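The values are calculated or read from the model by the stated rules, or taken from the named source; none is laboratory data. All values reported here derive from a predicted model rather than from experimental measurement. Cβ sites come from the backbone with ideal geometry, for glycine too, and all protein chains shown count toward neighbours.
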Amino acid sequence: MQTTDETAEFTLLSQELTGFDAVALRGTGLAGTYLAVAAEQLGRERLDRLLAVGGDPLGELDDDLRAAARALTHLWYTGSWPEPSPFVVSARAYAEGLVWKAAGLAAPATAPGGYGSWAAAPSSSPSRAGSL
């Protein structure tokens, strides 16, 4: 997918909202899709106002833009749009949700272990065993 100026701006804003860097966000392959969803759900004018704030302190947003920023963050983390009629963007968006990356997991039902994998006890990772 070719990156446009608007997609680049959207990715920069998304970095600020999610805490994930541009490489991780582009790696999902969903920046363009999410930009289109945001434009449709927020409206062009509202999205443009939010993009214009990118780089400024996000804590200084008005209530309308703060709600839009929350919706975009929700979109990146879950692959779904939260309001007014919630919907999952796609199976891929669900699987690429940042919530799974933040937790160090694969989304349930997206990376099966193969036939019989449920028969063996899960192995414990030395790095995580001590933190539980």
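State the number of residues belonging to region 37-65 that are of a type outside the set (A, V, I, L, M, F, W, C) and without any contact (Cβ under 8 Å) to a residue 12 or more places away in the chain. So that I can check it myself, show each step before the final result.
Within region 37-65, the subset of a type outside the set (A, V, I, L, M, F, W, C) is 40-41, 43-46, 48-49, 54-57, 59-60, 62-64.
Retained after the next criterion (residues that are without any contact (Cβ under 8 Å) to a residue 12 or more places away in the chain): 40, 43-45, 48, 56-57, 59-60, 62-63.
Qualifying residue count for the region: 11.
Does region 81-102 hold any residues that are surrounded by fewer than 17 Cβ atoms within 10 Å (Cβ to Cβ) and either touching a residue at least 24 places away in the same chain (Cβ under 8 Å) or under 18 Å from G19 (Cα atoms) (or both), and which are they?
Listed by number, the residues that qualify are S90, R92, V99, A102.
Name the residues in region 38-53 that are surrounded by fewer than 20 Cβ atoms within 10 Å (Cβ to Cβ), of a type in the set (A, V, I, L, M) and at pLDDT 95 or above, would you?
Listed by number, the list holds a single entry, A39.
Any idea which residue in region 1-30 is surrounded by the most Cβ atoms within 10 Å (Cβ to Cβ), counting only those that are small (G, A, S) and assigned to a helix (DSSP H, G or I)?
S14
Out of region 1-36, which residues are free of Cβ contacts under 8 Å to residues at least 40 places away in the same chain and in contact with a helix residue (DSSP H, G or I) (Cβ under 7 Å, 6 or more places away or on another chain)?
The answer is M1, T7, T11, Q15, D21, A22, R26, A31, G32, L35.
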